């Protein structure tokens, strides 16, 4: 009964390094989302996908790229990490746009 | 886009008392309003939601009210318990848009 699984859970990067965060869901959901959570700012949408092979920009897409090659996976990439990208990242999925979103446990990323 | 404001940012109540968290939204086209609870170190989890064709919804000790005219909705928790201590987020979804806009969160502390 996995739901939404994010890997890794923690990561420390040096400025300029790149990395990919993986999100996997086993609920056959069409919609998948990447959010970042910063103190006092709630959850801000980075990118989202409404189905396999589709992606779209959210509120704060700069510095990030995404891919949805398989329906169950949604990858978030940082090409050249910056200290401003230090945050907790959450992936979520839902069957429709107006139904419950299921969240992963989060990835705490620190860029030094 | 949509703008969701949430108040208060922190709320401390005595066990057994009621807690109320309020949110306002800016776009009258928003039609779906979920509430999420986030416990320390975990991802947000849906606790209750309401659609724009309903004014109130209740689930045991939790209720949500929606005032479309004033564009605000509230979460009510009665008979609070220490396990209700968490961060609560409201969100709004614009009709026909595939994303949610979250409030900045309320940290609820229930004192035993």
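The values are calculated or read from the model by the stated rules, or taken from the named source; none is laboratory data. What you see is a predicted model; the values in this text were computed from it and never measured. Cβ: placed from backbone, ideal geometry, glycine included. Neighbour counts: every protein chain shown.
Table for the structure above
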| quantity | calculated |
| --- | --- |
| Residue that is closer than 21 Å to residue A:100 by Cα and more than 14 Å from every other protein chain (Cβ to nearest Cβ), where the choices are B:37, B:22, B:42 | B:22 |
| Residue A:48 vs. criteria free of Cβ contacts under 8 Å to residues at least 24 places away in the same chain and under 11 Å from the mean Cα position of the chain (by Cα) | yes |
| Positions within segment B:67-85 being in a strand (DSSP E or B) and surrounded by 20 or more Cβ atoms within 10 Å (Cβ to Cβ), in sequence order | B:73, B:75, B:77 |
| Meets criteria (touching a residue at least 40 places away in the same chain (Cβ under 8 Å), assigned to a strand (DSSP E or B) and surrounded by fewer than 20 Cβ atoms within 10 Å (Cβ to Cβ)) for residue A:24 | yes |
| So residue B:26, is it out of contact with any strand residue (DSSP E or B) (no Cβ under 6 Å at 6 or more places or on another chain) and either at positive phi or at pLDDT 95 or above (or both) | no |
| Failed criterion for residue A:96 (all others in (1) within 11 Å of chain B (Cβ to nearest Cβ); (2) part of a strand (DSSP E or B) hold) | (2) |
| Complete set of residues in segment A:31-87 that are surrounded by fewer than 20 Cβ atoms within 10 Å (Cβ to Cβ), part of a loop (DSSP other than H, G, I, E, B) and away from chain B (no Cβ under 14 Å) | A:52, A:53, A:62, A:63, A:69, A:70, A:71, A:72, A:79, A:80, A:82, A:86 |
| Which numbered condition residue B:59 misses (of (1) away from every other protein chain (no Cβ under 12 Å); (2) surrounded by 14 or more Cβ atoms within 10 Å (Cβ to Cβ)) | (2) |
